[in-house]
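Engineer: Next up is a structure, given as structure tokens.
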Amino acid sequence: MKKRVFLSLLAFTVIFASCSKDENDDRDVEDPVGTVYFEERFDKMEWGGDYIANERGLRAVYIQNEDGKNIIDESQPPVDCAPTTDGSGDFYYHMADSYLINRRMIDWDGDKVYERPGYIKVGTGASRNAYLVTPSFTEIPEEGANVEVSFNLARWTTASPQVFIEIVGGGTASVEYVETPEPAAWEAITFTINGATPETKVRFVCDPRYDGRFFLDDVVVSKAE
Ligand SMILES: [Ca+2]
């Protein structure tokens with residue numbers, strides 16, 4: 001295995017050295033296992049109570065822009081909020097595009113998605129159709145790759161332990177759902193997608209049968225065997 005990686009590196013070096021004009025045009029050498037194609041740790045998220053740590057937080061005061069979407073009212077200081085309180089309105093219903101650009105969430109999509117400090121929450125107690133979709137993993141090579149998707153997942157204490165996984169844009173997930181057995185505690189989760197493409201996205205779908213509220217952090221997509 002080590003030898004193979006070394007030979008790949010050697011081959012890459014030779015190709016790179018002999019053809020330095022644009023190595024991306026003809027990528028003859030496969031990316032090594034572990035190459036990161038996508039990473040989001042939600043470190044732009046600032047507002048809201050920390051439900052998992054059970055700590056109070058701060059929440060901005062919002063006003064509506066000319067399109068009726070929420071932006072931060074910079075004239076007012078942020079206000080104290082409970083661990084259970086979201087830091088924003090629903091990203092894809094209430095929040096302005098400028099806010100989503102600032103939070104690096106403009107290329108994601110979903111329904112009932114909310115800011116928390118350093119992570120996000122998906123779903124509400126009453127909703128049954130909440131979901132979150134990643135951006136396309138455009139760094140995956142055109143010819144496709146098997147990838148590992150890893151993330152930290154937690155759930156609202158009274159919510160379903162299951163979050164359903166759907167793949168959009170090519171590829172087959174190794175799981176139909178993932179589980180967080182322990183309430184309000186982070187669980188490190190991984191699954192694989194066989195045959196992922198640069199158009200592939202992951203949909204994280206709340207349990208449609210009852211309260212499906214979950215929290216997500218540290219999403220990393222990397223090359224698998
Ligand atoms: Ca984070």
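No value in this document is a laboratory result; all are computed from the given coordinates. These numbers were taken from a predicted model, which means no experiment stands behind them. Cβ atoms come from the backbone with ideal geometry, glycine included; neighbour counts cover every protein chain shown.
Engineer: About the Cα centre of region 120-225, how large is the charge dipole given +1 on each Lys and Arg Cβ and -1 on each Asp and Glu Cβ? Please answer in debye to the nearest 20. Spell out each step's value before the answer.
Structural biologist: On the way: 8 positive and 15 negative charges, 102 e Å.
So the dipole magnitude of region 120-225 works out to roughly 500 debye.
Engineer: Moving on to the next point. Please list, by residue number, everything in region 144-164 whose backbone N is under 18 Å from a paramagnetic label point 7 Å out along Cα→Cβ of Asn194.
Structural biologist: 144-149
Engineer: So for the pair Glu143, Arg128, with labels modelled 7 Å out along Cα→Cβ, what separation do we get in nm?
Structural biologist: 4.7 nm
Engineer: Would you calculate the separation in nanometres between label points at Thr158 and Glu55, each defined as 7 Å from the Cα along the Cα-to-beta-carbon direction?
Structural biologist: Label-label distance for Thr158 and Glu55, simple model: 2.6 nm.
Engineer: Could you check the spin-label model distance between Asn65 and Val33? Points 7 Å from the Cα along Cα→Cβ, value in nm.
Structural biologist: Distance between label points: 4.5 nm.
Engineer: Name the residues of region 198-225 whose amide N is less than 18 Å from a point 7 angstrom out from the Cα of Ala185 along the C-beta direction?
Structural biologist: Of the residues in region 198-225, 214-217 have backbone N under 18 Å from the label point off Ala185.
Engineer: How large is log10 of I(q)/I(0) for the chain at q = 0.08, 0.15, 0.17 Å⁻¹ when the intensity is taken from the Debye formula with one equal scatterer per alpha-carbon?
Structural biologist: Scattering profile of the chain, log10 relative to I(0): -0.35, -0.98, -1.16.
Engineer: For a quick check of your reading of the filter: which trypsin sites (Lys or Arg not before Pro) in region 107-195 sit in a DSSP loop and have no more than 14 other Cβ atoms within 10 Å?
Structural biologist: On the way: sites: Lys112, Lys121, Arg128, Arg155; in loops: Lys112, Arg128.
Taking region 107-195 and a limit of 14 other Cβ atoms within 10 Å, the loop trypsin sites (Lys or Arg not before Pro) found are Arg128.
Engineer: Let me ask something additional. Give me the number: length gained by fully extending Ile101 to Glu74, i.e. 0.36 nm times residue separation minus the C-alpha to C-alpha distance, one decimal in nm. Mind dumping the intermediate values first?
Structural biologist: Working: separation 27, 0.36 × 27 = 9.72 nm, distance 1.71 nm.
Additional length available on full extension: 8.0 nm.
Engineer: Considering the options Val220, Thr158, Asn102, tell which one lies farthest towards the positive end of the dipole of the chain, charges being +1 on Lys and Arg and -1 on Asp and Glu at the Cβ, about the Cα centre.
Structural biologist: Thr158
Engineer: Magnitude of the Cβ-charge dipole of the chain, K/R +1 and D/E -1, about the Cα centre, nearest 20 debye? Walk me through the intermediate numbers first.
Structural biologist: On the way: 22 positive and 40 negative charges, 108 e Å.
The dipole of the chain has a size of about 520 debye.
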